[in-house]
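Everything below concerns the one structure shown next.
The values are calculated or read from the model by the stated rules, or taken from the named source; none is laboratory data. Predicted, not measured: the structure shown is a model, and the values here were computed from it. Glycine also receives a Cβ, built like all others from the backbone with ideal geometry; neighbour counts cover every protein chain displayed. Accessible surface is based on the protein model in full, side chains and every heavy atom, while ligands, DNA and RNA are left aside. Shrake-Rupley method; radii C 1.70, N 1.55, O 1.52, S 1.80 Å.
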Amino acid sequence: MPNALKQKVCNISSRLKSQGCQAIILACTELPALLDDEVYHGLNIIDSNAILARAAISATKNNITGSTL
């Protein structure tokens, strides 16, 4: 990831934290895969892609264990 973009995200998250923000929702983005946690200055990250992946895995497990195969 280009340093300029990483720095921009770092600056935004720092500013949000200083204004009282406690979490950032990263929806419809690949930023969680591209950036490390230090960029977010300790803010909680809500990663919609990870939530969707966990839900899909859970649904698949339920379908397999509940099937009549």
Residues meeting the amide H criterion for Ile46 (H placed from the backbone, H to H distance under 5 Å, 5 or more places apart or on another chain) are Ile24, Ile25, Leu26
So, with points 7 Å from each Cα along the Cβ direction, the Ser18-Leu52 label distance in nm works out to 3.4 nm
Counting only protein heavy atoms with a 1.4 Å probe and every protein chain in place, the carbon and sulfur fraction of the accessible surface of the chain in whole percent equals 57 percent
Whole-Hz Karplus couplings 3J(HN,Hα) for the stretch 40-57, θ = phi - 60° and coefficients 6.51, -1.76, 1.60, Gly and Pro as x, run 8, 6, x, 5, 5, 10, 9, 9, 5, 5, 5, 4, 5, 4, 4, 5, 5, 5
In order over the stretch 5-18: 3J(HN,Hα) from phi, Karplus 6.51/-1.76/1.60, θ = phi - 60°, whole Hz, x for each Gly or Pro, gives 5, 4, 5, 5, 5, 4, 5, 5, 5, 5, 5, 4, 4, 5
To the nearest Å², the heavy-atom accessible area per residue of the chain with 1.4 Å probe amounts to 76 Å²
Shape descriptors of the chain over alpha-carbon atoms, Rg and Dmax in angstrom, are 16.6, 55
